[in-house]
Amino acid sequence: MASALHNLSAYDAASVPSAKGMSFGIIVADWNDTYTYAMAQGAIDTLIAHGAEPGHIEVRHVPGSFELIYGTAKMVKEGHVDAVIAIGCVIRGDTPHFDYICQGTTQGLAELNSRGSVPVIYGLLTCDNEQQAADRTGGKLGNKGVECAVTAIKMVAND
């Protein structure tokens, strides 16, 4: 559903299983950190609100969104988390770089998700401008990190 029609932070908390005993990894791209760090904090706060222990949430940083693939693959391979949330933000510029990064990152994370042993949650914002990013990282459309955390909990509970 288009986020313009749905607040990313709005959900029925009663429909989310307890995250008690679950372990989560969060891979955060440092590029566009104003937005990615806000998403990561939204995810952390939501995981904890649903019972995850702070010591069971591991956050790692990678330079940019394309590196989310490697960081996520490495964390999955280590085998100590029940789900990994990959958080990045790409904002369109004047060159086709945006398209290559978005397509490559999406394909890489999708492959990890389909072939991996734990769910990989897609938290890559692909925005045309900074206002769209701000709107989706705590602004008028909520916080994509919250949505990712709820998805992670539900995927682990259904596994």
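Of note:
- Label point 7 Å beyond Cα of H80 along Cβ direction - residues of segment 25-51 with amide nitrogen under 12 Å: 25
- Between S117 and T95, the modelled labels are 3.9 nm apart [label points 7 Å from Cα along Cα→Cβ].
- Working ranking of peptides 6-13, 77-84 by packing, defined as the average number of other Cβ atoms within 10 Å per residue, highest first, is 77-84, 6-13.
- The residue list A133, G108, V16 was ranked by how far each Cα lies along the charge dipole of the chain toward its positive end, using unit charges on Cβ atoms, and V16 comes out on top.
- Share of alpha-carbon pairs per 10 Å distance bin for the chain, given as whole %: 12, 43, 36, 8, 0
- Carbon and sulfur %, accessible surface of the chain computed with the full protein complex present, 1.4 Å: 53
- Alpha-carbon Debye profile of segment 1-70, log10 I(q)/I(0) at 0.18 Å⁻¹: -0.83
- For segment 102-159, the orientation-averaged shadow of the C-alpha convex hull comes to 4.3 nm² (one quarter of the hull surface).
- Segments 37-43, 147-153, 107-113, 70-76 sorted - mean Cβ within 10 Å per residue, highest first: 147-153, 37-43, 70-76, 107-113
The values are calculated or read from the model by the stated rules, or taken from the named source; none is laboratory data. None of the values given here were measured: they were computed from a predicted structure. Positions of Cβ are generated from backbone atoms using ideal geometry, with glycine treated the same way; all protein chains shown enter the neighbour counts. Heads up: the accessible areas ignore ligands, DNA and RNA and are worked out on the full protein's heavy atoms, side chains in. Shrake-Rupley method; radii C 1.70, N 1.55, O 1.52, S 1.80 Å.
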